[in-house]
Amino acid sequence: MQTQLKETSRVKTSDLYYGAYLLARGGRIDVVETALDGSKKVFFQVSCPMIQKLTQEYLSGEATVNIRQLKSSLKHLKDIIYSA
C-alpha cells in the first residue's frame, strides 16, 4: 500500500480499498492525480474527520463500515479511475 499520511487530516493514496473506506466513513476527495511515470496509477488525496483513527483501524484490520456505503464509494473511485 502506497500511502502518505499528513498531519492536516489528509492522505494521498493509490489504495482503492483504503480510499473507499475513508469515503464511506465521511471523507471527501480533494485531488485526483495520475502518475507521471506512465504507470497508469491514480492517486487520491482524501480529507476526512478522524483520519488518523480511521487509518489505524484500517491498517490493524479492525475497520468497520456500512457495506453499502463502501460498495458505493468503491464504484465512485473506479468511475474516476476509468475516466482519468
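Quick notes on this structure:
- For the chain, a Gaussian network of Cα nodes joined below 10 Å ranks 64, 55, 13 by mean-square fluctuation, and the top entry is 64.
- In the chain, taking the dipole from charged Cβ atoms about the Cα centre, the farthest positive-side position among 39, 73, 56 is held by 73.
- Cα-based helix-to-principal-axis angle, 67-83 vs the chain, degrees rounded to 10: 10 degrees
- Amide H contacts under 5 Å for residue 34, placed H, 5+ residues apart: 43
- For the chain, the longest principal axis of the alpha carbon atoms and the long axis of helix 51-60 meet at an angle near 90°.
- Between 14, 73, 39, the GNM of the chain built on Cα springs shorter than 10 angstrom shows 39 fluctuating the most.
- Tensor-based shape of the chain (alpha-carbon gyration tensor, a/c under 1.5 rounded, otherwise prolate or oblate): oblate
Just so you know, all these numbers are worked out from the coordinates, no wet-lab data involved. Note that this is a predicted model, so its numbers are computed, not measured. Note that each Cβ is placed from the backbone with ideal geometry, even for glycine, and that neighbours are counted across all protein chains shown.
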